[in-house]
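Working notes for the structure below.
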Amino acid sequence: VRGQGGTPTAWPPADPSVHVASDERQGVDGAERVNEIPRGDAATRNSSVGKLRSLVWEHFTITQKDDGKPVKAKCTYCTEEFRCETKTNGTSSMRNHLEKEHSVICTKRPGAHPPNLSSTGEPIVIGSSSKGKGKKRRSKAWDSFDVIKEVNGQPIKARCKYCPTEIKCGTGNGTAGMLNHNKICKKKPGLDDQPPNSSSTNDTTANDATTNARPNLIGDSSSRKRRRVDEESAQNIAANTSTPWNKAELSNRIQQIISRLQDIRGEVSEVFKLHESDSASSLDHNRSTTSDQHLRTSSLISRQLYGRVAEKKSILKLMMSDDTSNSIIVLPIVGVAGVGKTALTQLVYNEPNVESRFQHRVWIWVSRNFDEVRITREMLNFVSREKHEEINCFVKLQEILKIHVKSKRVLIILDDVWDDMNDCRWNQLLAPFKFNSANGNVILVTTRKLSVAKMVGTTEPIKIGALEEDDFWLLFKSCALGDRASENPGNLCTIGRQIAGKLKGNPLAAVTAGALLRDHLTVDHWSNILKKEDWKSLGLSGGIMPALKLSYDELPYHLQRCLSYCSIFPNKHKFSGKDLIYIWISQGFVSCANLSKSLEEIGWQYLIDMTNMGLFQQVRGEESSSFFHSNCQTWYVMCGLMHDFARMISRTECATIDGLQCNGMMSTVRHLSIVTDSAYKKDQHGNILRNEKFEEYLRSTVTSVGKLRTLILLGHYDSFFSQLFKDIFKEAHNLHLLQMSATSADFSSFLCGLASAVHLRYLKLESDGLEGDFPQVLVNLFHLQVLDVGSNTDPILPNGMHNLVNLRYLVAEKGVYSSIASIGSMTSLQQLHNIKVQFSCIGFEITQLQSMNELVQLGVSELENVKTRYEANGAKLRDKRHLEELRLLWTHTPSRDEYATDTSFQHPVDNVERDVELLPMVERGPSSEPCLDRAREVLEGLEPHQDLKHLQISGYYGATSPTWLANNISVTSLRTLHLDSCGEWEILPFMERFPLLIKLKLTNLRKVIEVLVPSLEELVLVEMPKLQRCLCISVGGLSSSLRALHIDKCQALKTFDLFMNDHKIKLEQRPWLSGLRKLIMRDCPHLKVLNPLPPSATFSELLISGVSTLPSMKGSSSETLHIGSFNWFIDHSSGELTVLDDKILAFHNLRRIKLMRIYGCRNLTSISFEGFSHLVSLERLEIHWCEKLFSSHVFPEHILEDVPTANCKAFPSLESLTIEFCGIAGKWLSLMLQHAPNLEELILENCPRIILSWTGGTRHQEI
């Protein structure tokens, strides 16, 4: 072997780790020249020997020759000598020696790596060839593979250099398999890494490797044929390889790359924020970015404010109140961009009463840069005449500020706060004011983010919504017409009304549009702006869309995708939280980076984050009767113009066709919704009229559907449109989400007509009623995650539904679950309601639950069909760590003779939730006698996971609690517990062992005598005829935590600690039931309540009936309060009421009621004038059938003491007074009228003791 200058050099090198180096100029050619040198001893080589072609000679030195031919040779590594005559020995013994002793494998191809003397025994493959002697392997695949097997000199199997994978590479396979493996090999290093067999360590070799894009291999072929350039064609060869192309692996790699890019994007954004913050700090008020210039605000009012009367009144009431012990009040004002938060704050700031109340008023524009040093310095600029620009020490600035605000009342405005600062930073900023000796310091914080408001506020935030229509029109006219606003030009106003309707009550949008309209007050100009919607341009400085973009830019990438996707739904569309989350999951927007959380949990966090950002707002729906969850359905609506902004930024991927309103559909659109309500009208008979124009418009607009991932059809339409819809979208074979308003027949027809629906993840049908069977094609949607046909529908599902193993969410009538055979195969299901256990093996067996470990909600009924504890254990409820809600129901009820002796079963309790109908047994013989032990054993076997949150047990006829609920409590995470119709249950579990329990519901427990109640938020005791005592673990704890209390039909109940005059609460000066919102007590004749009602000023429902110490009451804190009964002759408690004073009514908690009715209190003699003086909002008072009320002509002394002074009226806001069928005397009526200065209406009927005197005459008339 020769060096660069041709001088013979020893082989191998002294340092085995040093590769034979060649300079950059030589590259691969240098290695090829080495291969042409004849092998043998350098001292004895001559041209007569001939060319030694075997690769073995690379590692041996000829020591003896005969007639010019080698006879003996010595190993260059260990100096062992071998015979090598051509006819007798050849090179086989030398080859075997290299493989066994030095792990060197020699093939027919010349060229090899030097042996790695420090290797662990893995053979080093030297050379490879695809076609015989000296031929060079041109494919790049050989750079990463070594030949491990060949036949007749041809390689047939190769092994990856980076992993143990072996690939067939014979002439019938080629190199396609190796090329494909190179792309997915997980252990393959990056471009900067050396292959494992490359031993080059010096800089020269590293440069060669970089320059030539692959390492220099000694012994490479000397062929100088032109290298193939179209090697990529090998990827398309259909070769039978042991490792085929892995689509899932490639998809995962793409997702990883996307994730990394998103992380990089987030990091870059943070860098820009830091840069912006640094720039702001260094330049103080002069921002380096132009995007924030229009956001700067001041305390001066720039234009007239329209509306916001109620919001202003609420803010001023809180600011001016002296009834506070807080040294500082923080009131957040929350709303989306441009809604008028700053304008409202300016109005309050400049209110004359505010100026006189506060010694110092401070206005600070915070924006994105929440810099405590800057903010404190600006506060000092308002309260001190000195300048403090040279002081940068935060502590020093605060000390100075504390001195200046001591004993002074301060109003601070922090406008446009963005930063979600932590409590520590916030408290540090407010420290100078918290130790101020003057109470009543107020901070108003305006922000777009609800999360900021919740963090900083000491009171509930003031939420600013859209302006009322009339107020918004006045603002719009002033912005668009200026000084001509009062002229009302007819044509312009008509167009202006249309534009104003599109601005959705947003003041900044009115200002933006008005500036455009004011340029030319002509019909053509205004019509053009209406048509083009120019106010939506992002190029308008200070416009509404750039303001909304600031909120959008604050979102991380995954939330931006979720928000923009929602734009395909109509404006003001109400989403349920679950629907929205499953929609995002179906599109792959929710990524599960945290293995400890499910996709649903991460999706909920997405929704919470966007709600806190002010992008979605919560809307309360109708009340539900569910005990486990909130009583009101919560909907989510995209806020105001944010919907328009989302449509604008997502128009390349999302499109909506709403009637004929569509700006065209780009070819890149992946998500499409069609809304038909505005396009189709109904005639007088309710028939839908055809719209051929809309049909033609749809044909021309939707030209390509193969790329669609989402298709949503909302609204009503006729049969012609239905057929057109099927024809247009039958080739939409890549749909992931399909939502349709259709009949079951149209839905089935469309689904069957799709060319391919195998990619569907989300399928929702909205219909007034479902009839007929669902199509069989449904069972082939193996990727389906959500199937929603409506919770009130009972469709007939096809056979084979159990094949949908990816289905997570099935919405249908609860009985549908029991109709699915082998439902246990659907292991991804998260909800399973009212599944009925059957005797027959054809029906549902409880053991089918064993593999359904993703369940979150589970309801199992007819548990009497489970025979043994072993069978119950087969459900493996203890292994279901995601299970949060569990309902266990037996359907056994007492027999007919028990019903005959106990009539309470004939009157079911109102609003008591039961998931199954409990029917009486017709016969009860020995064979039907319930086995108490069996029920107990079955319940023992149904022990749930320790993280269970909600549990209901109904119809259980065992006498004792299961051990997992009584003695050795394992469900320590329980939040709600509902025990219903467990007739034999006598001793309840010790509730104190459930530290997280907040709701307890006990219904129809007929043998329970005593209940020990922990500190709860909701307590329900219904139909417990033997219950005598209700004891509290902590009276004070329960009093402060309780939010709802319902006691009904507990005829034996005598004692409840909560209603006794507790001295501990009084000594601690703790309010009694101050947080109670709902109080229902009925048919408890022995229960004594010694406290006045209602206990709080914010109760939503009060219902008292059949309680011995109280009259009947019904009402709410903000509307009406009824006292007494319409059927007064049977209401004994109301009939016993004699005085309506502060021992019965907590008047101070009734300040907001507007109407009070007193009815049928036949023994009532007087009412408290002092108490009624607290009812400052009372406008109407009605008194009926109270014969003894104020019937005496003499004023008793205690009544006179109760009458307020002339300066304090008993009925300050009363406008209407009605007295019917009462014995009130004229003197008392006169006294009441004196204390009702605003009375406008007086109705007297059947009051015989009142005689009217007509002024100016002697006529008298009896009423």
For this session: Assess whether W604 counts as being assigned to a helix (DSSP H, G or I) and buried (at least 22 other Cβ atoms within 10 Å of the Cβ).
Result: no
Exercise. Counting just the residues of segment 1011-1056 that are closer than 14 Å to R1082 by Cβ and among the charged types (D, E, K, R), which one comes out farthest from the chain's Cα centre (by Cα)?
Worked result: K1049
For this session: For segment 820-847, name all the residues that are modelled with pLDDT under 85 and of a type in the set (V, I, T).
Result: I842
For this session: Those residues that are more than 18 Å from L331 (Cα to Cα) and either hydrophobic (A, V, I, L, M, F, W, C) or without any contact (Cβ under 8 Å) to a residue 24 or more places away in the chain (or both), I need them from segment 356-369; list them, please.
Result: S356
Exercise. Considering segment 1120-1162 alone, what residues qualify as being at pLDDT 90 or above, touching a Gly at 6+ places or on another chain (Cβ under 9 Å) and either of a type in the set (D, E, K, R) or in the same structural domain as R1077 (by TED's automatic domain parsing) (or both)?
Worked result: R1157
For this session: Determine which single condition D519 fails, assuming it passes every other condition in (1) in contact with a His (Cβ under 8 Å, 6 or more places away or on another chain); (2) assigned to a helix (DSSP H, G or I); (3) surrounded by fewer than 16 Cβ atoms within 10 Å (Cβ to Cβ); (4) not hydroxyl-bearing (S, T, Y).
Result: (2)
Seminar exercise, completed: Quick count over segment 930-947, residues being buried (at least 16 other Cβ atoms within 10 Å of the Cβ), out of contact with any Phe, Trp or Tyr (no Cβ under 6 Å at 6 or more places or on another chain) and at pLDDT below 90, is 2
Problem set entry | Matching option when the condition is on the phi > 0 side of the Ramachandran plot and assigned to a helix (DSSP H, G or I), among G588, G505, G542, G482 | G482
Seminar exercise, completed: So, first residue under 16 Å from T1120 (Cβ atoms) in segment 1143-1159, second residue β-branched (V, I, T) and surrounded by fewer than 18 Cβ atoms within 10 Å (Cβ to Cβ), Cβ within less than 7 Å, six or more apart or across chains; the pairs are R1151/V1176; I1153/T1120; L1155/T1120
For this session: Identify, from the list K867, K876, the residue that is more than 24 Å from L1002 (Cβ to Cβ) and modelled with pLDDT under 90.
Result: K867
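Let's see how each residue does on (1) at pLDDT below 90; (2) assigned to a helix (DSSP H, G or I); (3) touching an Asp or Glu at 6+ places or on another chain (Cβ under 9 Å):
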| position | (1), (2), (3) |
| --- | --- |
| M665 | yes, no, no |
| T668 | no, no, yes |
| S673 | no, no, yes |
| G686 | yes, no, no |
| R690 | no, no, yes |
| E695 | no, yes, no |
| T703 | yes, no, no |
| L708 | no, no, no |
| S722 | no, yes, yes |
For this session: Looking only at segment 930-939, decide whether some residue is in a loop (DSSP other than H, G, I, E, B) and farther than 19 Å from L855 by Cα.
Result: yes
Exercise. Can you find even one residue in segment 1116-1124 that is in contact with a helix residue (DSSP H, G or I) (Cβ under 9 Å, 6 or more places away or on another chain), hydrophobic (A, V, I, L, M, F, W, C) and assigned to a loop (DSSP other than H, G, I, E, B)?
Worked result: no
For this session: Go over the candidates I796, I820 one by one and state the one that is among the β-branched types (V, I, T) and buried (at least 20 other Cβ atoms within 10 Å of the Cβ).
Result: I820
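So that you can scan it fast, the table gives a plain yes or no per residue for (1) hydrophobic (A, V, I, L, M, F, W, C); (2) under 25 Å from N439 (Cα atoms); (3) free of Cβ contacts under 8 Å to residues at least 60 places away in the same chain; (4) surrounded by 19 or more Cβ atoms within 10 Å (Cβ to Cβ):
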| position | (1), (2), (3), (4) |
| --- | --- |
| N381 | no, yes, yes, no |
| E390 | no, no, yes, no |
| V395 | yes, yes, yes, no |
| L401 | yes, yes, yes, yes |
| K408 | no, yes, yes, no |
| L414 | yes, yes, yes, yes |
| D420 | no, no, yes, no |
| D423 | no, yes, yes, no |
For this session: Restricting attention to strands (runs of 3 or more DSSP E) lying wholly within segment 754-868, give those where 1 or more residues are among the polar types (S, T, N, Q).
Result: 831-836, 857-861
Problem set entry | Hits in segment 998-1015 - residues which are surrounded by 22 or more Cβ atoms within 10 Å (Cβ to Cβ) and in a loop (DSSP other than H, G, I, E, B) | N1004, L1005
Seminar exercise, completed: Scanning segment 1097-1128 for residues that are on the phi < 0 side of the Ramachandran plot, surrounded by fewer than 21 Cβ atoms within 10 Å (Cβ to Cβ) and small (G, A, S) gives A1097, S1100, S1105, S1108, S1116, S1117, S1118
For this session: Within segment 374-407, track down each residue that is in a loop (DSSP other than H, G, I, E, B) and among the polar types (S, T, N, Q).
Result: S384, N392, S407
For this session: Collect the residues in segment 145-158 that are surrounded by fewer than 20 Cβ atoms within 10 Å (Cβ to Cβ) and either part of a strand (DSSP E or B) or in contact (Cβ under 8 Å) with a residue 12 or more places away in the chain (or both), keeping them in residue-number order.
Result: I148, K149, E150, V151, G153, Q154, I156, K157
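The values are calculated or read from the model by the stated rules, or taken from the named source; none is laboratory data. Computed from a predicted model, the values in this text were never measured in an experiment. Counting neighbours? That spans all protein chains shown, and the Cβs are built from the backbone with ideal geometry, glycine included.
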